[in-house]
Amino acid sequence: MKTISEDQAQDDWFDLLDDVAKGGQFTITRHGVPVAVLVPASASDKPDDKPDIEQAIQTIRESRKGQRLDGLSIREMIEEGRP
């Protein structure tokens with residue numbers, strides 16, 4: 001993965017997009033610190049792909065099996081998350 005500065009990314013933006021469309025990946029830095037990664041969109045990121053809602057619901061239901069909150073009040077759960 002190539003690393004480029006923010007200024008270079010601005011100057012070469014359209015060339016970067018062309019490179020990314022061909023599979024290239026770039027880390028963009030600001031003052032030497034990485035702030036973004038420019039990578040090609042995956043097939044699931046494309047807007048014409050519809051998410052499988054039923055599969056997502058089934059996955060959530062499966063992950064909840066065996067997870068119980070018996071004996072805990074809402075107040076106790078709130079307090080547990082506070083420092």
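The values are calculated or read from the model by the stated rules, or taken from the named source; none is laboratory data. It should be emphasised that the depicted structure is a prediction, and the values quoted were computed from it without experimental measurement. As a convention, Cβ positions derive from the backbone with ideal geometry for all residues, glycine included, and neighbour counts pool all protein chains shown. These area figures cover heavy atoms from the full protein model, side chains too; ligands, DNA and RNA do not enter into them. Shrake-Rupley method; radii C 1.70, N 1.55, O 1.52, S 1.80 Å.
Among 32-41, 74-83, sorting by the average number of other beta carbon atoms lying within 10 angstrom of each residue, highest first, gives 32-41, 74-83. Near Leu72: Cβ cut-off under 11 Å, other residues only, Lys/Arg at +1 and Asp/Glu at -1. The net charge is -2. Surface composition of the chain: carbon and sulfur make up 52 percent of the accessible area, probe 1.4 Å.
Only DSSP H runs of four or more residues enter the estimate; each adds -39500 (n - 2.57), and after division by the residues of the chain the mean residue ellipticity at 222 nm equals -11500 deg cm²/dmol. Seen against the Cα atoms of the chain and their longest principal axis, helix 53-64 is set at about 50 degrees. Basic side chains Lys and Arg get +1 at the Cβ, acidic Asp and Glu get -1 at the Cβ, and with that the dipole of the chain about its Cα centre reaches some 540 debye. For Cα Rg over 2.2 N^0.38 Å, computed directly from the structure shown, the correct entry in (1) 1.17; (2) 1.85; (3) 1.34 is (2).
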